[in-house]
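Trainee: I am attaching a structure below and will ask some questions about it afterwards.
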Amino acid sequence: MNAQTQFKLSPADLAVLLALSRTGTLALAGERLKQDASTVFRSIQRIEKGIGQRLFERSRSGYQANELAQQLTAPAEQIEMQLEAARTMLQMRPEQVSGVLRVSSTDTLLHGLLAPALLQLQVQHPLLEFDLRAGNELVSLTRRDADIALRATKRPPPHLIGKRIGPIRVAVFAAKSAADPGANNEIEYQEQHWIAPDEALPEHPSVIWRKKHYPKIVPKYRVNSILTVAEFVARGLGMGILPIFLAQGRADLVQVSEVLDECQTDLWLLTHTEARHLRRVSTVFSYLAEHLHLD
């Protein structure tokens, strides 16, 4: 490709590149841009023809940004943040907060902590919209894949700012309906069926603890989330290690061990240094920092 010297990259062009870099597919990029996939495709073709270079590698799995496209996302993200900051300034009253707030967490934290806290926040700020993503992977706050992340970790990334909510304590649980759920001794533990996220979360503290202290136990059910562990335990399918905050208030679960200190980690509320100056981000961050409780 030969670059056309008259071509000028526009902020709209950068927005298209940023959306496709983040999503990897024309359809998802179109959703972010409120365009159809064919429009995004034509925009990419026009930009690549204009600069005389390819920006994405195409494959059956989608579009992979090459080195040049990745470099262009930096100024694109700066423009995005400046636009959001300008839109925030135009709000008529300080108490009005609007816009979409992207929050990343695990399904356990989303259902056990975030959902209850968001109920009152919705009442206080009815113009806010929430894009909630639950997954075990830590999304990039730097690339603005999320504005706020709620994560269990002992060492949050140093380039992020955050607040430590408190320690996440865990214990072994069984179904309340189970006949003789067992005391906490090795023989009875080994005689029980276990539910655990071994393959999905091999480095999870509960998996490491069980393999260290009870290496002969092989889980009867291997699942991909701690929330699923809780639901299977509650149905009487076996025992499992759960965060105490998730089991609190449930009549169908009973704690059958002491708190497992070796499994304890910390809950952190995280955001990026630049994103915290956006009103919608700072409002939600401050609210969650005050209202999220583990006990």
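Trainee: Just checking, which of Gln78, Gln96, Gln91, Gln122 is within 30 Å of Thr265 (Cα to Cα) and at pLDDT below 90? Can you show your working first?
Mentor: Numbers: Gln78 fails: within 30 Å of Thr265 (Cα to Cα); Gln96 fails: within 30 Å of Thr265 (Cα to Cα); Gln91 fails: within 30 Å of Thr265 (Cα to Cα).
One residue alone meets the criteria, Gln122.
Trainee: Exactly one condition in (1) more than 24 Å from His204 (Cβ to Cβ); (2) open to solvent by less than 50 Å² (accessible area, probe 1.4 Å); (3) touching a residue at least 40 places away in the same chain (Cβ under 8 Å) is not met by Glu274; state its number.
Mentor: The single condition Glu274 does not satisfy is (2).
Trainee: Which one of the conditions (1) modelled with pLDDT of 90 or more; (2) buried (at least 16 other Cβ atoms within 10 Å of the Cβ) does His213 fail to meet, given that it meets all the rest?
Mentor: (2)
Trainee: Of the residues Leu26, Leu17, Leu113, Leu68, only one is touching a residue at least 12 places away in the same chain (Cβ under 8 Å) and either β-branched (Val, Ile, Thr) or closer than 26 Å to Pro156 by Cβ (or both); which? Write out each step before concluding.
Mentor: Numbers: Leu26 fails: either β-branched (Val, Ile, Thr) or closer than 26 Å to Pro156 by Cβ (or both); Leu17 fails: either β-branched (Val, Ile, Thr) or closer than 26 Å to Pro156 by Cβ (or both); Leu68 fails: either β-branched (Val, Ile, Thr) or closer than 26 Å to Pro156 by Cβ (or both).
Of Leu26, Leu17, Leu113, Leu68, the one residue that is touching a residue at least 12 places away in the same chain (Cβ under 8 Å) and either β-branched (Val, Ile, Thr) or closer than 26 Å to Pro156 by Cβ (or both) is Leu113.
Trainee: Please state which one of Phe245, Phe232, Phe285 is hydrophobic (A, V, I, L, M, F, W, C), modelled with pLDDT of 95 or more and not in a loop (DSSP other than H, G, I, E, B). Step through it out loud before you land on a result.
Mentor: Details: Phe245 fails: modelled with pLDDT of 95 or more; Phe285 fails: modelled with pLDDT of 95 or more.
Every option except Phe232 fails the conditions.
Trainee: Which number in (1) part of a helix (DSSP H, G or I); (2) buried (at least 19 other Cβ atoms within 10 Å of the Cβ) marks the one condition that Gly240 misses?
Mentor: That leaves (1) as the condition not met.
Trainee: Here is a follow-up. Consider region 185-211. How many of its residues are in a helix (DSSP H, G or I), more than 27 Å from the chain's Cα centre (by Cα) and in contact (Cβ under 8 Å) with a residue 24 or more places away in the chain?
Mentor: 3
The values are calculated or read from the model by the stated rules, or taken from the named source; none is laboratory data. All values derive from a computational prediction rather than experimental measurement. Note that we place each Cβ from the backbone using ideal geometry, even for glycine, and neighbour counts take in every protein chain shown. For accessibility, only protein heavy atoms count, side chains too; no ligands or nucleic acids. Shrake-Rupley method; radii C 1.70, N 1.55, O 1.52, S 1.80 Å.
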